[in-house]
Amino acid sequence: GKGLGDYSRLWFGDEAESQDPVTFWEDLHDDRDGIPDRRIFQTCMLFARDLPGDGRELLLAIEQESEDHDVSFEIMLGIPLEAGEFKA
């Protein structure tokens, strides 16, 4: 059978041949006092590939750096959901 295709960058579309990753600070809270206990600098990009049939698989690649400069990497796989697929 036909194998799955390659991932391509999903964010920013095809108008730019290359694109810098998205970066932001995440405030992490260990309790509910409203004061961030630590912060992590995130650098990420979203990729996608078509699945057989009508589906699409997403891949979020993330580099995380703590304020102490500890660096880790994560990859998250998933599928896109429409708002109507969530139940209250």
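The values are calculated or read from the model by the stated rules, or taken from the named source; none is laboratory data. Everything numeric in this text was worked out from a predicted model, so none of it was measured. Cβ: placed from backbone, ideal geometry, glycine included. Neighbour counts: every protein chain shown.
Cβ-Cβ below 9 Å, separation at least six or inter-chain, first residue in segment 12-37 and closer than 20 Å to A48 by Cβ, second of a type in the set (D, E): which pairs?
P21/E63
Could you check, for segment 38-45, whether at least one of its residues is within 24 Å of L4 (Cα to Cα) and part of a strand (DSSP E or B)? Before the answer, list the steps.
The initial filter retains those residues of segment 38-45 that are within 24 Å of L4 (Cα to Cα), namely 44-45.
In the following step, the residues that additionally are part of a strand (DSSP E or B) were identified as 44-45.
Looking through segment 38-45, at least one residue is within 24 Å of L4 (Cα to Cα) and part of a strand (DSSP E or B).
Is segment 1-9 home to any residue that is part of a loop (DSSP other than H, G, I, E, B) and within 14 Å of the chain's Cα centre (by Cα)?
Filtering segment 1-9 for residues part of a loop (DSSP other than H, G, I, E, B) gives 1-7.
Pick out the ones that are also within 14 Å of the chain's Cα centre (by Cα) and you get 7.
Yes, segment 1-9 contains a residue that is part of a loop (DSSP other than H, G, I, E, B) and within 14 Å of the chain's Cα centre (by Cα).
Across segment 17-32, which residue is modelled with the highest pLDDT among those that are in a loop (DSSP other than H, G, I, E, B) and either in contact with a Cys (Cβ under 7 Å, 6 or more places away or on another chain) or surrounded by 10 or more Cβ atoms within 10 Å (Cβ to Cβ) (or both)?
Looking only at segment 17-32, we keep the residues that are in a loop (DSSP other than H, G, I, E, B), and these are 17-21, 29-32.
If we keep only those that are either in contact with a Cys (Cβ under 7 Å, 6 or more places away or on another chain) or surrounded by 10 or more Cβ atoms within 10 Å (Cβ to Cβ) (or both) as well, we get 19, 21, 29.
Working: Q19: 90, P21: 95, H29: 91.
Among those residues, the one meeting the criterion is P21.
So which of I75, I35 is of a type in the set (V, I, T) and assigned to a strand (DSSP E or B)?
Values: I35 fails: assigned to a strand (DSSP E or B).
On inspection, the qualifying residue turns out to be I75.
From the list S8, S72, pick out the single residue that is touching an Asp or Glu at 6+ places or on another chain (Cβ under 9 Å) and in contact (Cβ under 8 Å) with a residue 40 or more places away in the chain. Quick ask: steps written out before the conclusion?
Working: S72 fails: in contact (Cβ under 8 Å) with a residue 40 or more places away in the chain.
From the options S8, S72, the qualifying one is S8.
Just need a number here: residues in segment 53-76 that are surrounded by fewer than 10 Cβ atoms within 10 Å (Cβ to Cβ) and either of a type in the set (D, E, K, R) or at negative phi (or both).
Quick first cut of segment 53-76, residues surrounded by fewer than 10 Cβ atoms within 10 Å (Cβ to Cβ) only: 53-54, 68-70, 73, 75.
Still in the running and either of a type in the set (D, E, K, R) or at negative phi (or both): 54, 68, 70, 73, 75.
Within segment 53-76, residues that are surrounded by fewer than 10 Cβ atoms within 10 Å (Cβ to Cβ) and either of a type in the set (D, E, K, R) or at negative phi (or both) number 5.
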